[in-house]
Each structure stands twice: as structure tokens, then as C-alpha cells.
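Peer 1: Before anything else, here's the structure in question.
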Amino acid sequence: MMRLRFKIAFLTGFLLMLVATVHSQEIISLPSPKTEGGMPLMQALKERKSGREFSSRILSPETLSNLLWAACGVNRPDGRRTAPSARNLQDIDVYVAMGDGLYLYEPKNHQLRKISGEDIRAVTGNQDYVKDAALNLIYVSDLARLNVPDPMAVEFYTGAHTAFAAQNVYLFCASEGLSTVVRGNIDKTALAKKMNLRADQKITLAQSVGYPPKKP
């Protein structure tokens, strides 16, 4: 009887682990990005600013699709992106922390891969408002793709590549009336643990995005 109970408990635990693994690998295809229209560039530059107040309103699938494509989506047949990358190293991955879980944006197929179902927004920064934003983008450099032995060059590449994507997000948010702010005040060790990152994956910055609160 004890042996039977042990086998049942073992099988139950295994099945729960299997379900969790399948759930974490859920793929969400995003709508095709709308690449025409929007605010004129010079006006978007004029309106670009940081905002640290957010309403509880979530982004529609269409807006999320356009946002991620603007950040680092594929804009040419050869697979190159909206954000420049030295030597086309493409070391920056964009993770998306939302209320229903953590996702990895995959530009090649313009889709989200679900990493976990946990809401980790509060861990993406030490500021109070990060938990209220509709989403927090987390920029992660995959150092294995860089293959650069010089530490100073690594800092240069990861910083520049992150900045390119973050500025794209700023301009998109200015065009769409969204609030956003890029942030470096992060407990990167705690966040990397929550995200289950490898040792050769480096968090560079995070960026909160959402609708500003309605004016009274």
C-alpha cells in the first residue's frame, strides 16, 4: 500500500511538472504589426518624454504587437531589425513582464513565448510604480552571441544595443500616447533568478510601458 501511494504521488508530481513545462512553452502569435501611419517623426521627437505614472488599463494585442515590432522587430527580408546592432550580433532579447506572466519576444516569427505564469512586474525594478504598469520590458544581452573577449567592448555593445531598442520604444509610446520610462535601478540578481536566466545572460535595463492615468 505504501509503495502504491508513493508511485501515485510520484506520478502526480511528474504530471504537474510536465503540465507546468508545457504551459511555460506556450507560444502566442502576435497580430501583424501596423507599419504605416502614426505620428510624424519630428512630432514624436518633440513629444518624447519619460512618464512614471500608469493606469491599470492593459494594452490591446495590436498595440503590444506594434510596440514590440518597433522595439526590435524584423523590418527587412534578410531578418535585420528596426534597432541597429553592431556586426549584426543581435545579442539583445526583449522579455515582457505582464500581469499574466513573463514572455520572451521572438522577432523572427513575431511571437511571444511564455516563460512563466507568474506576475513578476514588482521585481523588475525598485520603484513603486513598476508593479502598476501594464508591462515592463526587460532587456537581456545573450553574451554567448557576442563572443567578444574584451570586457569594455562587451559593455559598449550591450549598452548601445539596449539603448537603440529603448529609444524605439520611447518614440512609439510618444506616437501612441503611452507613458514609458527606462530604468536601471534594478536588483538584477533577484530578477535574473525569477527569470531563470543563464549565467551568460545579462540584464541591461528595464522599461515600464502603459497608459497614463486619466486626468481629473
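Peer 1: When you scan segment 34-74, how many residues do you find that are of a type in the set (A, V, I, L, M, F, W, C), in a helix (DSSP H, G or I) and open to solvent by 70 Å² or more (accessible area, probe 1.4 Å)? First the steps, then the outcome.
Peer 2: At the first step, the residues of segment 34-74 found to be of a type in the set (A, V, I, L, M, F, W, C) are 39, 41-42, 44-45, 54, 58-59, 64, 67-72, 74.
Applying the additional criterion that residues be in a helix (DSSP H, G or I) yields 41-42, 44-45, 64, 67-72.
Okay, now just the ones that are also open to solvent by 70 Å² or more (accessible area, probe 1.4 Å), so 41-42, 45.
Going through segment 34-74 one residue at a time, the tally reaches 3.
Peer 1: Out of segment 127-153, which residues are modelled with pLDDT under 90 and part of a loop (DSSP other than H, G, I, E, B)?
Peer 2: Once the filter is applied, which keeps residues that are modelled with pLDDT under 90 and part of a loop (DSSP other than H, G, I, E, B), segment 127-153 yields 147, 148, 149, 150.
Peer 1: Okay, next question. Confirm whether residue 108 is at pLDDT 95 or above and either more than 13 Å from the chain's Cα centre (by Cα) or closer than 19 Å to residue 178 by Cα (or both).
Peer 2: Working: at pLDDT 95 or above: yes; either more than 13 Å from the chain's Cα centre (by Cα) or closer than 19 Å to residue 178 by Cα (or both): yes.
The answer is yes for residue 108.
Peer 1: Right, next: Do we have any residue at all in segment 130-137 that's within 17 Å of residue 188 (Cβ to Cβ) and either open to solvent by 30 Å² or more (accessible area, probe 1.4 Å) or out of contact with any helix residue (DSSP H, G or I) (no Cβ under 8 Å at 6 or more places or on another chain) (or both)? Give the steps one after another, and end with the answer.
Peer 2: First pass over segment 130-137, keeping only residues within 17 Å of residue 188 (Cβ to Cβ): 130, 136-137.
Retained after the next criterion (residues that are either open to solvent by 30 Å² or more (accessible area, probe 1.4 Å) or out of contact with any helix residue (DSSP H, G or I) (no Cβ under 8 Å at 6 or more places or on another chain) (or both)): none.
Looking for residues that are within 17 Å of residue 188 (Cβ to Cβ) and either open to solvent by 30 Å² or more (accessible area, probe 1.4 Å) or out of contact with any helix residue (DSSP H, G or I) (no Cβ under 8 Å at 6 or more places or on another chain) (or both), one finds none in segment 130-137, hence no.
Peer 1: Please go through segment 167-196 and pick out each residue that is open to solvent by less than 30 Å² (accessible area, probe 1.4 Å) and not in a helix (DSSP H, G or I).
Peer 2: 178, 179, 180, 181, 183, 186
Peer 1: Residue 85 is checked against (1) at pLDDT 95 or above; (2) among the polar types (S, T, N, Q); (3) surrounded by fewer than 22 Cβ atoms within 10 Å (Cβ to Cβ) and fails just one. What number does that condition carry?
Peer 2: (1)
Peer 1: Of 164, 156, which residue is touching a Cys at 6+ places or on another chain (Cβ under 9 Å), assigned to a helix (DSSP H, G or I) and of a type in the set (A, V, I, L, M, F, W, C)? Walk me through it before giving the result.
Peer 2: On the way: 156 fails: touching a Cys at 6+ places or on another chain (Cβ under 9 Å).
Selected residue: 164, the only one of 164, 156 that is touching a Cys at 6+ places or on another chain (Cβ under 9 Å), assigned to a helix (DSSP H, G or I) and of a type in the set (A, V, I, L, M, F, W, C).
Peer 1: Scan segment 198-216 for residues that are crowded, with 19+ Cβ neighbours inside 10 Å and either more than 17 Å from the chain's Cα centre (by Cα) or not charged (D, E, K, R) (or both) and jot them down.
Peer 2: If we filter segment 198-216 for residues that are crowded, with 19+ Cβ neighbours inside 10 Å, which is where we start, we get 202-211.
Of everything in segment 198-216, those that are crowded, with 19+ Cβ neighbours inside 10 Å and either more than 17 Å from the chain's Cα centre (by Cα) or not charged (D, E, K, R) (or both) turn out to be 203, 204, 205, 206, 207, 208, 209, 210, 211.
Peer 1: Go through segment 88-97 and count every residue that is under 18 Å from residue 29 (Cβ atoms) and open to solvent by 30 Å² or more (accessible area, probe 1.4 Å).
Peer 2: Going through segment 88-97 one residue at a time, the tally reaches 0.
Peer 1: Right, another one. Give the number of residues within segment 124-158 that are under 30 Å from residue 79 (Cα atoms), out of contact with any strand residue (DSSP E or B) (no Cβ under 7 Å at 6 or more places or on another chain) and touching a residue at least 60 places away in the same chain (Cβ under 8 Å).
Peer 2: The total comes to 1.
Peer 1: A further question follows. Are any residues in segment 141-153 surrounded by 17 or more Cβ atoms within 10 Å (Cβ to Cβ), out of contact with any Lys or Arg (no Cβ under 7 Å at 6 or more places or on another chain) and not acidic (Asp, Glu), and if so, which ones? Before the answer, list the steps.
Peer 2: Just the residues of segment 141-153 that are surrounded by 17 or more Cβ atoms within 10 Å (Cβ to Cβ), to begin with: 141-143, 146, 148.
The next check asks that each one be out of contact with any Lys or Arg (no Cβ under 7 Å at 6 or more places or on another chain); those that pass are 142, 146, 148.
Correct list: 146, 148.
Peer 1: Across segment 75-123, what is the total count of residues that are farther than 16 Å from residue 142 by Cα, without any contact (Cβ under 8 Å) to a residue 40 or more places away in the chain and not in a loop (DSSP other than H, G, I, E, B)?
Peer 2: Final tally of qualifying residues: 4.
The values are calculated or read from the model by the stated rules, or taken from the named source; none is laboratory data. On a predicted model such as this, the values are computed, not experimentally measured, just so you know. Ideal geometry is used to build each Cβ from the backbone, glycine not excepted, and the neighbour counts take in all protein chains shown. We work out accessible area using only protein heavy atoms, side chains counted, and drop any ligands, DNA or RNA first. Shrake-Rupley method; radii C 1.70, N 1.55, O 1.52, S 1.80 Å.
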